[in-house]
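Asks: Next up is a structure, given as structure tokens.
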Amino acid sequence: MAENTQGTRPRIFASPGRYVQGRDALARLGELLAPLGRRPLLLADDTVRGLTEPVLGPAFDKAGLPLVFERFEGLPTRAEIERVARVLSEGDHDVVVGLGGGTAIDTAKAAGEDAGVPWVSAATVASTDAPTSALSVVYTEDGGFESYRFYDRNPALVVVDTGFVAAAPARFLAAGVGDALATWIEARAVERAHAENMVGGVPTRSGTALARLSWDILWESAPAALEAVEHDLVTPDVEAVVEANTLLSGLGFESGGLAAAHAVHDGLTAVEQTHHLAHGEKVNIGSLTQLVLEGAPAGEVDRFAEFTAGLGLPTTLTEAGLGDADDATLDTVVAAATAPEETIHNLA
Ligand SMILES: [Zn+2]
């Protein structure tokens, strides 16, 4: 019966239109955007705007595009998405660029969808795998996970500037590694269970294989890459880890599927004690939880905990702010992690 059902479900793979990664990639954003629209709107917080405006000014001049920023208020909430969609419509913008990290990028996707214009991800950090995907994580006003929003298209363009990634705090890149390591742990669980990926199909071999490639690169290159970005250096290891965190993990989670690690992450966001952690840091707690739920050999769990602790990622509930949490707090996390719509149910 299960085999019959599987036979009727299509294999689906999704990807952005184009992916451009490298040092000084943002200096090419104008020319890359020009074919997509003539009135772009850039959504960025004040910090990211301050860092990127000196590069983007000349780039947009050269491409003959106006440089128009809209200030991102910090969280992809329903209200913030509505506000940005209104700015897009009222300003007659024909393309929106999420500039910075995952939350600005996810907001740009949602607002672009609502305003009916294409969206572009321009990443200055490699802290999540949000830039390539056709979904946004929507948050409540107080910073908890609210829901996923899915779209029938991916970003038209993804640009990642590794010079900015290397200059950003190393903790951001480490968080991206935490997010990306989960991708293989979750994709292989989805494959085993013949469950669905994030684009409404069963995974293609390629989706699952890209998740695995991300994992292999990270075990090989993440320690050296983190060492390099401590000194603001862009090395081959940094380029490899940025690709693993952004492109491979992005394609891998979306087309390979999610399972318990991200559901546990979503559960952790339900209590404010964990709000000091970045997305990928909470996901790392989720990866360890999933390995234990799957009954992984103790040696494998230990190796994963040691490797990720060495990268500065949290591996204990104490580090997650829950060391002395009461039962009610933990019940809140568990209830959110196991909600009916959660991907934890993709575990065999
Ligand atoms: Zn993630």
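Asks: On full extension of the chain, what length is gained from residue 23 through residue 230, given 0.36 nm per residue of separation minus the C-alpha to C-alpha distance? Working shown, then result.
Replies: Details: separation 207, 0.36 × 207 = 74.52 nm, distance 1.63 nm.
Working it through step by step, the gained length comes to 72.9 nm.
Asks: Follow-up. For the chain, modelled as a GNM with alpha-carbon contacts under 10 angstrom, which of 104, 278, 193 fluctuates the most?
Replies: Result: 193 has the largest fluctuation of those listed.
Asks: Of 184, 334, 42, which is farthest along the charge dipole of the chain in the positive direction, counting Lys and Arg as +1 and Asp and Glu as -1 at C-beta?
Replies: Most positive-ward Cα: 42.
Asks: What per residue convex hull volume, in Å³, do the alpha-carbon atoms of the range 244-293 yield? Walk me through the intermediate numbers first.
Replies: Numbers: hull volume 3.9 nm³, N = 50.
Convex hull volume per residue, Cα atoms: 78 Å³.
Asks: Which is farthest toward the positive dipole end of the chain among 308, 275, 168, measuring Cα position about the Cα centre, with Cβ charges +1 (Lys, Arg) and -1 (Asp, Glu)?
Replies: The residue sitting most towards the positive pole is 168.
Asks: Let me ask you something else. Ignoring solvent entirely, what values of log10 I(q)/I(0) come out of the Debye formula for the range 164-261 at 0.23 Å⁻¹ when each Cα is a single scatterer?
Replies: -0.98
Asks: Where the centroid of each part is defined by its Cα atoms, how far is the range 139-192 from the range 259-303 in Å?
Replies: 15
Asks: For the range 172-346, how big is the tail of P(r) above 30 Å, as a whole percent of Cα pairs?
Replies: Within the range 172-346, distances greater than 30 Å cover 14 percent of Cα pairs.
Asks: Within the P(r) computed for the range 93-250, what percentage of the Cα pairs occupies the region above 20 Å?
Replies: Result for the distance tail: 51 percent.
Asks: In whole Hz and in residue order, list the ³J(HN,Hα) couplings for the range 288-301 that follow from phi through the Karplus curve 6.51 cos²θ - 1.76 cosθ + 1.60, θ = phi - 60°; x for Gly and Pro.
Replies: 4, 4, 5, 4, 5, 4, 7, x, 4, x, 4, x, 5, 4
Asks: Same structure, new question: With unit charges on the beta carbons (Lys and Arg positive, Asp and Glu negative) and the dipole taken about the Cα centre of the chain, which residue among 20, 233, 292 sits farthest to the positive side?
Replies: Value computed over the given set: 20.
Asks: Assuming R0 = 25 Å, can you tell me the calculated FRET efficiency for the pair residue 67 and residue 90, based on Cβ-Cβ distance, to the nearest 0.05?
Replies: Working: r = 18 Å, r/R0 = 0.73.
FRET efficiency, residue 67 to residue 90: 0.85.
Asks: Can you sort 185, 12 by 1.4 Å-probe accessible area, starting with the largest?
Replies: On the way: 185 0, 12 50 Å².
If we order 185, 12 from most to least accessible, we get 12, 185.
Asks: Per residue of the range 44-50, what does 6.51 cos²θ - 1.76 cosθ + 1.60 with θ = phi - 60° give for ³J(HN,Hα)? Whole Hz please, x for Gly and Pro, Karplus curve as stated.
Replies: These are the phi-based 3J(HN,Hα) values: 8, 7, 4, 4, 5, 4, x Hz.
Asks: Assigning unit charges at the beta carbon (Lys, Arg +1; Asp, Glu -1) and nothing else, what dipole magnitude in debye, to the nearest 20, does the range 19-167 show about its Cα centre? Spell out each step's value before the answer.
Replies: Values: 13 positive and 22 negative charges, 86 e Å.
So the dipole magnitude of the range 19-167 works out to roughly 420 debye.
Asks: Now for a separate question. Averaged per residue, what accessible surface does the range 19-167 expose to a 1.4 Å probe, in Å²?
Replies: Details: 5600 Å² over 149 residues.
Here the residues of the range 19-167 average 38 Å² of exposed surface.
Asks: Can you tally the net charge around residue 163? Count Lys and Arg as +1, Asp and Glu as -1, for every other residue whose Cβ sits under 10 Å from the Cβ of residue 163.
Replies: Working: positive: 23; negative: 24, 161, 232.
Overall, the nearby charge balance is -2.
Asks: Angle, helix 102-115 long axis vs. longest principal axis of the chain, Cα atoms, 0 to 90°, nearest 10?
Replies: It is inclined by approximately 60 degrees.
Asks: I would also like to ask the following. Quick one: compute a quarter of the convex hull surface over the Cα atoms of the range 19-167 and quote it in nm². Let's see the in-between values first.
Replies: Numbers: hull surface 30.8 nm².
Seen from a random direction, the Cα hull of the range 19-167 projects 7.7 nm² on average.
Asks: Next question. For the chain, modelled as a GNM with alpha-carbon contacts under 10 angstrom, which of 269, 132, 140 fluctuates the most?
Replies: 140
Asks: Another question, then. Would you pull out the residues with amide H under 5 Å of residue 160's amide H, same chain only if 5 or more places away, H placed 1.01 Å from N?
Replies: Excluding prolines and chain starts, which carry no amide H, the hits are 20, 21, 22, 123.
Asks: Wrap a convex hull around the Cα atoms of the chain, take a quarter of its surface area, and give that in square nanometres.
Replies: Values: hull surface 67.7 nm².
Across all orientations, the chain yields a mean hull projection of 16.9 nm².
Asks: Right, another one. Using θ = phi - 60° and the Karplus relation 6.51 cos²θ - 1.76 cosθ + 1.60, list the HN-Hα couplings for the range 227-235 in order, rounded to whole Hz, with x at every Gly or Pro.
Replies: 4, 5, 6, 4, 10, 6, 9, 9, 10
Asks: Where nothing but the Cβ of Lys and Arg (+1) and of Asp and Glu (-1) is charged, how large is the charge dipole of the range 172-346 around its Cα centre, in debye to the nearest 20? Kindly include the intermediate steps, with their values, before the conclusion.
Replies: Working: 6 positive and 27 negative charges, 114 e Å.
The calculated dipole for the range 172-346 is roughly 540 debye.
Asks: For helix 327-337, report the angle its Cα long axis makes with the longest principal axis of the Cα atoms of the chain; keep it between 0 and 90° and round to the nearest 10°.
Replies: 60
Asks: Still on this structure, please answer the following. Based solely on its DSSP helices, what 222 nm [θ] is calculated for the chain when runs of n ≥ 4 H residues each add -39,500 (n - 2.57) and the sum is averaged over all residues, nearest 500 deg cm²/dmol?
Replies: Values: 14 runs with 177 residues, N = 348.
One gets -16000 deg cm²/dmol as the mean residue ellipticity at 222 nm.
The values are calculated or read from the model by the stated rules, or taken from the named source; none is laboratory data. Treat the numbers as computed from the prediction; the structure is a model and nothing was measured. Cβ: placed from backbone, ideal geometry, glycine included. Neighbour counts: every protein chain shown. When the accessible area is computed, the model is the full protein with side chains, heavy atoms only, and any ligands, DNA or RNA have been set aside. Shrake-Rupley method; radii C 1.70, N 1.55, O 1.52, S 1.80 Å.
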